[in-house]
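What follows is a short report on a single structure.
The values are calculated or read from the model by the stated rules, or taken from the named source; none is laboratory data. This structure is a prediction, so every number in the text was calculated from the model and none was measured. Glycine also receives a Cβ, built like all others from the backbone with ideal geometry; neighbour counts cover every protein chain displayed. In case anyone asks, the SASA skips ligands and DNA or RNA and just uses the protein heavy atoms, side chains included. Shrake-Rupley method; radii C 1.70, N 1.55, O 1.52, S 1.80 Å.
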Amino acid sequence: MVSATGVPGQAGPGRSCGPPLTVDLRGSPGSVSWRLPETGPAADAAPCVVLADRAGCGEFAVLQDTLHHLGVPSVRVDAESVATLRLSATVTGGAGHDRTRCVLDLDGRRIAPTVVWARHFSPRAMPAAADAAQTLLRAESWHAFVRQLCSLAPARLPGDRPGRLEQLAGAAAAGIRVPRTVVTTAPAEAAAAMPGRRVVVKVVGEHFVETSPGLLTGVLPEVAAHAEVLRRPALDHPVIVQEHIEHDAELRVYHVAGAVHAYAVGKRAPDSPWREEAEVTVTPVTAPPAAADAVRRLASLWGLTYGAFDLLLSAGEVVFLEVNTDGDWRWFEAKAGGRAVSTAVALAIRTLHLAALENAGPPDPLELVDFLLLGTRTRGSRP
């Protein structure tokens, strides 16, 4: 079970964003989960989807069960237990139309990855050894291997991983409105140049840092009074300071292989899903055409098969905030009811898997029973 605990107390003058939040993933049981056809040993490597994540995250557990119902073989590994795997990988390349092929031997099973999806797969999650150098070497080696496996596979998700500044620059260049933004070590100076009574302060990189394996500290975005930020001293690291845009609606829009699924989100503050979950409302909506178009254009720009987009609607105009390429979806589904994103993700993986098979024709038609077996509603982790 994932637990989150907010650290009490008011903002101190040296704070960069909102009050810290602790997420404890320690004790989440790590394991390797196989869903392969029961056909006995094969002469050749079995085509297989590879899913790599954290033991405390539930998206891939549900996805793997759904893929199994759809007849798609898979293996799921997590950062906490990946170091226990016995691994051998062979990479071959061909001329002409022959493509690069990677064959893995994982704990005695030979597979040929068709689709590889890594999310939240952090080297900091791997248990420490007695020797610090060995700990780092092991963690970085596994992380590098999974990252390169994604590149070698016929299909990989989510796609590119643009940082927040790259995202804002790309969206602005595409003609999509973004908040006025300054990256600075002096929040007060940046706030002085911002209009309005409030500003948004957020980190440049990831919202969570892992101080020890399984113990994460989150520094989440905050909406702060303009006058209060003007009193903050300089920092020893850069932060993002943005204008606060008054808006009519906030949307979380999931892009899955060209399809979009949108939810209207009502919350008091950016960190409300973590600190006051019961007060957050999530409602399935049809994405306005302008929002759907913006999401598809940006997903194409960044080569994203999957992405969780955060948008605002302000007087009918779409405002792009950011895209989380590792964004969870089950929490939103659980709040809203239904499983539209889970279904879309499973079908997209199935299509990519079939397309990766040698001499594969069009995907098999999806029978009604397939839809009836597409997972169950479960409580999800937070975004």
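Brief remarks on what is shown
- The stretch 128-149, residues that are open to solvent by less than 60 Å² (accessible area, probe 1.4 Å), more than 25 Å from VAL103 (Cβ to Cβ) and of a type outside the set (A, V, I, L, M): THR135
- Subset of the stretch 171-201 [in a strand (DSSP E or B) and touching an Asp or Glu at 6+ places or on another chain (Cβ under 9 Å)]: ARG177, THR181, VAL182, ARG198, VAL199, VAL200, VAL201
- Residues located in the stretch 202-230, provided they are open to solvent by less than 30 Å² (accessible area, probe 1.4 Å), part of a loop (DSSP other than H, G, I, E, B) and over 14 Å from GLU243 (Cβ atoms): GLY214, LEU220
- Top-ranked residue in the stretch 260-270 [being open to solvent by less than 40 Å² (accessible area, probe 1.4 Å) and part of a strand (DSSP E or B); ranked as nearest to ALA292 (Cα to Cα)]: VAL260
- Conditions (1) more than 24 Å from PRO20 (Cα to Cα); (2) out of contact with any strand residue (DSSP E or B) (no Cβ under 7 Å at 6 or more places or on another chain): number failed by THR305: (2)
- Tally, over the stretch 219-248, of residues that are under 26 Å from the mean Cα position of the chain (by Cα) and over 23 Å from ARG268 (Cα atoms): 2
- Residue tally, condition in a loop (DSSP other than H, G, I, E, B) and either modelled with pLDDT of 80 or more or open to solvent by less than 50 Å² (accessible area, probe 1.4 Å) (or both), over the stretch 27-39: 5
- Once the stretch 246-259 is narrowed to residues that are surrounded by fewer than 19 Cβ atoms within 10 Å (Cβ to Cβ) and out of contact with any Asp or Glu (no Cβ under 8 Å at 6 or more places or on another chain), the residue that is nearest to LYS335 (Cα to Cα) is ALA249.
- The lone criterion from (1) in contact (Cβ under 8 Å) with a residue 40 or more places away in the chain; (2) surrounded by fewer than 19 Cβ atoms within 10 Å (Cβ to Cβ); (3) aliphatic (A, V, I, L, M) left unmet by VAL241 is number (2).
- Residue list for the stretch 272-321, filter: in contact (Cβ under 8 Å) with a residue 60 or more places away in the chain, within 30 Å of PRO154 (Cα to Cα) and open to solvent by 60 Å² or more (accessible area, probe 1.4 Å): ARG297, LEU301
- None of VAL256, VAL178 is closer than 19 Å to GLY163 by Cβ, at pLDDT 95 or above and of a type in the set (A, V, I, L, M, F, W, C) except VAL178.
- Residues that are hydrophobic (A, V, I, L, M, F, W, C) and surrounded by 16 or more Cβ atoms within 10 Å (Cβ to Cβ), drawn from the stretch 192-201: MET194, VAL199, VAL200, VAL201
- Checking each residue in the stretch 337-353 for being open to solvent by 30 Å² or more (accessible area, probe 1.4 Å) and outside any loop (DSSP other than H, G, I, E, B) picks out ALA340, LEU347, THR351, LEU352.
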